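The values are calculated or read from the model by the stated rules, or taken from the named source; none is laboratory data. Only a predicted model underlies this, so the values are computations on that prediction, with no experimental measurement involved. Note that each Cβ is placed from the backbone with ideal geometry, even for glycine, and that neighbours are counted across all protein chains shown. Calculation scope for accessible area: heavy atoms of the full protein, side chains included, ligands and nucleic acids excluded. Shrake-Rupley method; radii C 1.70, N 1.55, O 1.52, S 1.80 Å.
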Amino acid sequence: MRKLLAVTCALAAACGGSAAFQEQARDAMPDSSGVAVGPQQSQSSQMNALTADGSSQAASSVDPWYAATLAFSSSINVATAWTLGAVEAVTATAPTSCTATSCTWVSANALDPNNYRLVVSQNANGSFDWHLDAQPKVNVGAGFTTIITGNAVPSGQRHRGTGTLTVDLDAARSLTGHPTDQGTIVITYSNVGPVHVQASFNNLISQDAQHLGDIGNAYYNYQQDISGGGDMEVAWHDVTNEERDDIHSRWKADGSGRADVTAVKPAANVQVSNCWSAAVSGFATVYSPTSGSVSACSYADAAFGTHINDPQ
């Protein structure tokens with residue numbers, strides 16, 4: 001998926017139309033940093049202990065549920081960053097054509113196996129609709145297929161507002177180099193003040209080592225704390241094996257946090273809680289079902305997720 005949209009950063013062509021509209025459209029679009037989520041956002045200056053993919057040189061000392069929290073949030077960041085980063089790059093170039101309320105960019109990358117087209121239009125209510133289309137160069141007669149659609153409501157502050165975007169991976173299957181893409185991702189965001197991101201994943205193929213190849217759906221909710229901490233819930237429904245899992249993680253500005261986990265399996269149901277230390281102490285486990293004291297937790301009380309049944 002990342003390769004699919006990374007190429008849109010090369011979109012460029014001769015300019016036409018309204019420079020004022022181009023500026024408005026560029027300012028209305030969210031940027032990847034404004035929709036980034038997870039504990040690494042509050043601890044970016046102290047993240048030497050753990051890399052973005054959830055591994056580290058001292059992984060054995062890192063709390064496993066902190067690592068899971070980071071890995072899940074990183075996967076959401078990947079899903080938004082390559083999309084919004086591409087849109088940001090595209091709107092910084094000169095479009096192919098413009099009217100008073102719409103601009104179109106068409107791919108000029110001769111080496112890419114697919115052609116791309118981005119269209120951004122302003123609505124009467126001041127919001128902006130946009131869509132990214134693509135077609136394989138080996139079958140240009142098939143026309144363009146829409147792979148991403150979005151709506152952005154500007155706040156008056158550059159790259160800040162509210163909006164939605166939908167990634168259609170089923171449509172991407174028709175493109176060269178993406179025969180295994182599957183499912184849809186729907187993201188709703190608000191980055192006016194503390195960031196809030198919700199996402200639903202439908203009919204995706206699991207990349208988790210324990211459930212590799214399984215089909216599933218997921219719910220994701222992230223709320224940034226104004227103090228620098230955050231609250232994140234991820235619910236996963238493994239449709240292949242009828243297993244449901246929910247991770248509700250909370251963390252402070254110093255990186256310390258707690259995860260309350262629920263697993264509903266055909267054979268057994270389980271609830272566990274883990275707490276980890278601040279970044280300066282390496283996110284080490286300070287409480288688990290088999291070690292430590294709950295008094296060491298930055299959040300004393302358990303708060304299990306409430307959306308475990310949301311993914312269908």
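Quick notes on this one:
- The share of accessible area on region 149-292 that comes from carbon and sulfur is 52 percent, using a 1.4 angstrom probe.
- Other residues within the sphere of radius under 12 Å centred on the Cβ of residue 267, judged by their own Cβ, net out at -1 (K and R +1, D and E -1).
- Net +/- balance of residues flanking residue 176 in space, Cβ distance below 10 Å, scoring K and R +1, D and E -1: 0
- Residue-wise HN-Hα couplings along region 201-206, as the Karplus relation 6.51 cos²θ - 1.76 cosθ + 1.60 with θ = phi - 60° gives them from phi, are 10, 10, 6, 8, 9, 5 Hz; Gly and Pro carry x.
- Shape class for region 181-263, computed from the alpha carbon gyration tensor (a ≥ b ≥ c): oblate, with a/c not under 1.5 and a/b at or below b/c.
- Rounded, prolate or oblate (a/c below 1.5 giving rounded, otherwise prolate when a/b exceeds b/c) for region 96-216 by Cα gyration tensor: oblate
- Label point distance in nm, residue 192-residue 294, each placed 7 Å from Cα along Cα→Cβ: 4.0
- Residue 307 - accessible surface, heavy atoms, 1.4 Å probe, Å² rounded to 10: 50
- Within the shell of other residues whose beta carbon sits under 14 angstrom from the beta carbon of residue 94, the net charge comes to 0, with Lys and Arg scored +1 and Asp and Glu -1.
- Nearest-10 value in Å² for the accessible area of residue 206, using the 1.4 Å probe: 10
- When peptides 274-285, 144-155 are sorted by average Cβ neighbour count within 10 Å, with the highest value leading, the order is 274-285, 144-155.
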